[in-house]
Amino acid sequence: MVVRAGRSQDSKSSELRQGSWLLLWIFLGGIALVGVYSALFLVLMAREGQSHSWASSLYWTITTMSTVGYGDITFTSDLGRLFSMLVLLSGIVLFVVLLPFTVIQLIVEPWMDRREAVRAPRRVPASLEGHIILVGLDVVTQSLVRRATRSQRPTVVLVDDVARARRLHDEGYRAMVGPLDSPDTYRRAGVDRAVMVASPQADTTNTNVAFTVRQVDKDVVIAVTAQQKASVDVLELAGADHVLQLAPTLGRELADRVLGTTGRPHVIGSFGETQIAEGAARGTPVVGLTLAEAQRQMHPRVRILAIMRLGSLRPLTDDETIDEKTTLILAATMQDLDAYGAEFGKSPEAERPVLILGGGKVGQAAAQELARIEVPYTIVESVPGKVPSHLNVVEGDAGDHETLRSAGLDEASAVLVATPDDDLNVYLTLYCRRLRPELQVITRATYERNVATQYRAGADSVLSYATIGATALWNQVGLDHRVVIAEGNELFPVPIPRSLAGTALPSRRVYDETGCRIVAVTDSERTLLPNLEQIPSRPGDELLLLLGDRHSERAFRRKYPQRKAPHPR
């Protein structure tokens, strides 16, 4: 049971015993007062020449003490009226003050304590296993909880404040309260039965968390975030298995979404040896072809998993025509992707430059990734000296047309909007889309709720800090690796349901029922199998590779329920 700060369980029990005796004495005292007052009532009434029974005296005493006072029996003398006031005042003290206060202390407060204990427990049930322990809650771990819920993976949010634990419980989270630097807290959280401890706190707090958790359990996976690059080594020494720098990760993901102007595919993720890449159709020989025709012209080991247009998935049908605004989602080995780029790209034409609006950690990471893949860039930053000197930067207001022109807007192929302010990003997206309607605009969002707004503002692609961070953490669990295709749409593997064994591929029925697209079948190593005409009729270690958003994933898991997620330890 949750107890208040500074009050031990023994002191609570002692207070309860003392309160019980107090309630008993109040009750007995009340009976005694009623008896004495009833006797005095009879005496005083006799002096006034009035005769009443004991029943009438008890009736008058109780109605007067309870402040009801019907007025059907009254005194006429001053002494009788003074006595009436004494009875009334003592009744107020007894029934309005002492008795309610004692009842609150002995009945109401313990009940509220028990209720609060349920809302803010200090340990998890012994039956809970295979769960993820989240140290604190932010936009990233909120997204991770939603993903875990869809995958039937339990989560526990650990906080050190009782009031916040109660609020989280009321919001639907499984919250537990305890000091974050205490080994006992993690023992009570069932760390020996958990699959991962994830902490998005400050670097110093994460160091203490990792060190404390590793003291309790040597095997649990510990994933923490790092705000400073210098903290990575320290966190690893403290016991963290995975140290994630989410801002640089988001910057690289944004850079990977730049389609460029040469038709060369950009890798955005992988499953085993299979690389997942985006390739712009613009200016390549596949423009004007149907999907069936394009697939026949490609190497058999290069597979089109999906096509997108302006950030939205399009039907993957043989007669779907590829146009200048189409983006192909390809699956192949790195060698086969290079061969695809050589065949369908426009080499040796150089890539046109990319503008990066915002020179923070995300913008700098995007610039470094573009430099690595030999794409020219220019950062636009309003704060002088914020961007290191080795990066190409123009200092000025990104909302000023002259600043953007001096940075190369007229020659750019794409704009990355990478500031941490979602409102500003919506403004800059609208502004750039108005200045150059044909420009590719890729936008960063901090909160998932602002993604739809940025698409409406004209963004071709939007990636949120919450989604990229949650995906990076989730992939450390090692259960079902995911690749973000576009904000809200992911590739993820699931065991083959028995009811789908032998179903023809692609399955229109599954898409109509759930909204999920079955794009491939993988082996146990998550490597895509060659093109199959139907799902294996005797599922073994194979997995279905699905593409969908959170709503379609939830619908698929509801329609084709999976076994409870195993405890991998």
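The values are calculated or read from the model by the stated rules, or taken from the named source; none is laboratory data. This one's a predicted model, so the numbers in the text were calculated from it and none came from an experiment. Here the Cβ positions follow ideal geometry from the backbone for every residue, glycine too, while neighbour counts run over all protein chains shown. Heads up: the accessible areas ignore ligands, DNA and RNA and are worked out on the full protein's heavy atoms, side chains in. Shrake-Rupley method; radii C 1.70, N 1.55, O 1.52, S 1.80 Å.
Calculate the dipole size of the chain relative to its Cα centre from +1 charges on Lys and Arg beta carbons and -1 charges on Asp and Glu beta carbons; express the result in debye to the nearest 20. Provide the component values of the computation, followed by the final result.
Details: 62 positive and 65 negative charges, 387 e Å.
It comes to approximately 1860 debye.
Considering the dipole of the chain built from charges on the beta carbon (Lys and Arg +1, Asp and Glu -1) around the Cα centre, which of Leu500, Pro100, Ser77 is farthest to its positive end?
Ser77
Applying 1/(1 + (r/R0)^6) with R0 = 51 Å to the Cβ-Cβ distance of Glu324 and Leu128, what FRET efficiency is obtained, to the nearest 0.05? Let's see the in-between values first.
Working: r = 53 Å, r/R0 = 1.04.
So the FRET efficiency works out to roughly 0.45.
Give me the one-decimal nm value for the distance between modelled label points at Leu42 and Asp184, 7 Å along each residue's Cα-to-Cβ direction.
6.1
Subtract the Cα-Cα distance of Glu411 and Val232 from 0.36 nm times their separation in residues, and report this length gain in nm to one decimal. Numbers along the way, then the final one.
Details: separation 179, 0.36 × 179 = 64.44 nm, distance 3.83 nm.
So the chain would gain 60.6 nm between Glu411 and Val232.
What ranking of Glu273, Glu343 comes out by heavy-atom accessible area, probe 1.4 Å, highest first? Walk me through the numbers on the way to the answer.
On the way: Glu273 135, Glu343 110 Å².
Largest accessible area first, the residues go Glu273, Glu343.
Run the numbers for Ala292 and Leu532: contour at 0.36 nm per residue of separation, minus the present Cα-Cα distance, in nm.
Details: separation 240, 0.36 × 240 = 86.40 nm, distance 1.54 nm.
Length gained, Ala292 through Leu532: 84.9 nm.
Which residue, chosen from Leu158, Gly251, Phe211, occupies the Cα position most advanced towards the positive end of the dipole of the chain, where the dipole is computed from +1 (Lys, Arg) and -1 (Asp, Glu) charges on Cβ about the Cα centre?
In the chain, that residue is Leu158.
Using label points projected 7 Å from each Cα along Cα→Cβ, tell me how many nm separate Lys386 and Glu513, to one decimal.
Placing both labels 7 Å beyond Cα along the Cβ direction yields 5.1 nm.
Highest mean first, what order results for 415-421, 362-368, 521-527, 266-272 on Cβ atoms within 10 Å? Spell out each step's value before the answer.
Values: 415-421: 23.7, 362-368: 25.3, 521-527: 15.0, 266-272: 18.6.
Per-residue Cβ counts within 10 Å, averaged per peptide and sorted highest first, yield 362-368, 415-421, 266-272, 521-527.
Counting only residues 5 or more places away or on other chains, whose amide H sits under 5 Å from the amide H of Ile222 once H atoms are built in the peptide plane?
Result for Ile222 returns Val197, Asp241, His242.
Over the range 162-221, one equal point on each Cα, no solvent: what is log10 I(q)/I(0) by the Debye formula at q = 0.12, 0.17, 0.29 Å⁻¹?
-0.30, -0.60, -1.25
Between Ala504 and Gln368, take the C-beta separation as r, use R0 = 60 Å, and let me know the FRET efficiency to the nearest 0.05. It would help to have the intermediate numbers written out before the result.
On the way: r = 45 Å, r/R0 = 0.76.
Result of the calculation: an efficiency of 0.85.
With both bridge residues required to lie in the chain, what share of the DSSP beta bridges run antiparallel, to the nearest 5%?
Values: 36 of 72 bridges.
So the antiparallel bridges amount to about 50 percent of the total.
Against the globular-protein guess of 2.2 N^0.38 Å, express the Cα radius of gyration of the chain as a ratio, rounded to two decimals. Spell out each step's value before the answer.
Values: Rg = 35.0 Å, N = 569, 2.2 N^0.38 = 24.5 Å.
Normalised Rg, Cα atoms only: 1.43.
Lysine pairs in the chain with alpha-carbon atoms under 27 Å apart, 8 or more places apart or on different chains: how many are there? Provide the component values of the computation, followed by the final result.
On the way: Lys218/Lys229; Lys218/Lys564; Lys229/Lys361; Lys229/Lys386; Lys325/Lys346; Lys361/Lys386.
Eligible lysine pairs with Cα atoms under 27 Å apart amount to 6.
Using the alpha-carbon centroid of each, what span in Å lies between the range 484-546 and the range 144-204?
Going from one Cα centre to the other spans 33 Å.
On a full-extension model of 0.36 nm per residue, what is the gain between Glu343 and Leu430, subtracting their alpha-carbon distance, rounded to one decimal in nm? Mind showing how you got there, number by number?
Working: separation 87, 0.36 × 87 = 31.32 nm, distance 3.57 nm.
Full extension from Glu343 to Leu430 adds 27.7 nm.
Whole-Hz Karplus ³J(HN,Hα) for the range 404-415, in order, using 6.51 cos²θ - 1.76 cosθ + 1.60 and θ = phi - 60°, x for Gly and Pro?
Ordered by residue, 3J(HN,Hα) equals 5, 5, 5, 7, x, 4, 5, 9, 6, 9, 7, 10 Hz.
Hey, if you drop one equal point scatterer on each alpha-carbon of the range 454-569 and run the Debye formula without solvent, what base-10 log of I(q)/I(0) do you get at q = 0.16, 0.20, 0.22, 0.23 Å⁻¹?
The calculated log intensity ratios at q = 0.16, 0.20, 0.22, 0.23 Å⁻¹ are -0.80, -1.18, -1.36, -1.44.
Please find the FRET efficiency linking Ala55 to Trp25, where r is the Cβ-Cβ separation and R0 is fixed at 35 Å, and quote it to the nearest 0.05. Intermediate results must be reported in sequence, preceding the final value.
Values: r = 27 Å, r/R0 = 0.77.
With R0 = 35 Å, the Cβ-Cβ based efficiency is 0.80.
Per residue, how many Å² of accessible area does the chain show with a 1.4 Å probe? Please report the intermediate quantities before stating the final value.
Values: 27140 Å² over 569 residues.
With the other protein chains kept in place, the chain gives 48 Å² per residue.
Could you tell me what percent of the accessible area of the chain is made up of carbon and sulfur, with a 1.4 Å probe and every protein chain present? Please report the intermediate quantities before stating the final value.
Values: 14740 of 27140 Å².
Carbon and sulfur: 54 percent of the exposed surface of the chain.
Using alpha-carbon positions, what is the distance between the centroids of the range 380-395 and the range 39-65, in Å?
94
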